[in-house]
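The structure appears right after this line, and notes come after that.
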Amino acid sequence: MELVYLVNGNGSGGGGSGGGGGDGSRSAGYPLVKAVVTDGAVGLQDRSVTRVELKNSDPVRINFPPRTAGVARDFLLRLVITADSVPEVTFAVPTGETFSFEERDDGTFACVTGVNVFAFTETDDGLFVVNRKLVSIVQEVAFDPNGGEVDQPKGDFILGAKYGRLPVPTRTGYTFLRWLTEDGVEVEATDTVKTSVTRLVAEWETYVDKYAPAICLAGGLVFTTDGDGKWTLDADSERGEVARSGAVGDSQRSSLFTEFDGAGTLSFWWKVSSESGYDKATLFVDGVAKATASGEQAWRKWSIVVSGSGRHRAEWRYQKDGSVAKGGDCVWLDDVAWEAS
């Protein structure tokens, strides 16, 4: 992103605007000078367009040259920020001089993107410090599902803030692992948004169902897990290896899914240990609750009749309310079978 400012000394300079590098009538004929930051500082040249590229987020000091008697002062500064975050910029003016930034009608300073807002603070020794405000400095990120599907192909994020949430893609027969930059660096929701990251690519691995061999001896079903906590396998004194809902906190859930076709009967055994009446185990079929249990419930067999043609989706969900944890705080599941009618 490029930020363009017109700086005037003692009110003698002209006004400027973003994008084109200032008012054409005032900047016409000005040479373009590329200045390099050295030891954290860079000097301006009078009556020229000084271009400074900021490649990292280290603080930068912009030094104004001493005033020459009888010569009009007019500085045109172009900051090209290629760093992953906007650095702090300090302006140092010779003793006895002042300078101002030309503002737009809306009170913001000119900049190419049109959405960056900066706060300028004058210190006791005459320095001006630029501090970025975290308001709509937007970075668009594209999500490449890499053979899968994603509900959100693009997203807008605030530079310098955390992503907060990243979409979860789906792909039949695969497990989503993580989002990677084009350079192969993992990006998580807790990471900071950077200017260098404009595209994320999904990484997958072939899905291996570890649940079916333990809880579906009859075969024919494939199980997947989702939610705030993933289901695991557990050893039960009565039934041997069983599935157990994942560890979750208040107001969170843990789900195990399977799918089947047509009408028939879905049977299973489950055991629950939770806060009675509040933290619940529920079986949903096509999004409709078909069985619910909470409190201390021993192993019990359930048989649910499913009608209708087409594909059906079953979900065993453990859902917590907003407070309190009791017992095992989970549901165990075993011996799942689907018998088509």
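Here, each number is a calculation from the coordinates, and none is a lab measurement. These numbers come from a predicted model, not from an experiment. So basically every Cβ, Gly included, is an ideal-geometry build from the backbone, and we count neighbours across all protein chains shown.
Quick notes on this structure:
- Exposure proxy ranking for V49, V288, based on other Cβ atoms within 10 angstrom of each Cβ and starting from the fewest, stands as V288, V49.
- Charge dipole of the stretch 212-340 (Cα centre as origin; +1 on each Lys and Arg Cβ, -1 on each Asp and Glu Cβ, all else neutral): 180 debye, rounded to the nearest 20.
- Computed packing ranks the peptides 184-191, 90-97, 290-297 as 290-297, 90-97, 184-191, most packed first, by mean other Cβ atoms within 10 Å.
- Figure legend: label point modelled 7 angstrom from the Cα of E238 along Cα→Cβ; residues of the stretch 319-340 with amide N under 13 Å from it are 332-335.
- The chymotrypsin sites (Phe, Trp or Tyr not before Pro) found in the stretch 176-259 that occupy coil by DSSP, while having at most 15 further C-beta atoms within 10 Å, are Y207.
- Three-way shape label, the stretch 212-340, alpha-carbon gyration tensor, a/c 1.5: prolate
- When the pairs K210/K301; K154/K290; K194/K280; K162/K230; K290/K326; K55/K162 are compared against a 30 Å limit on Cα-Cα distance, K154/K290; K194/K280 fall above it.
- Selection from F176, L166, V187, by position along the positive dipole direction of the stretch 138-206 (Cβ): L166
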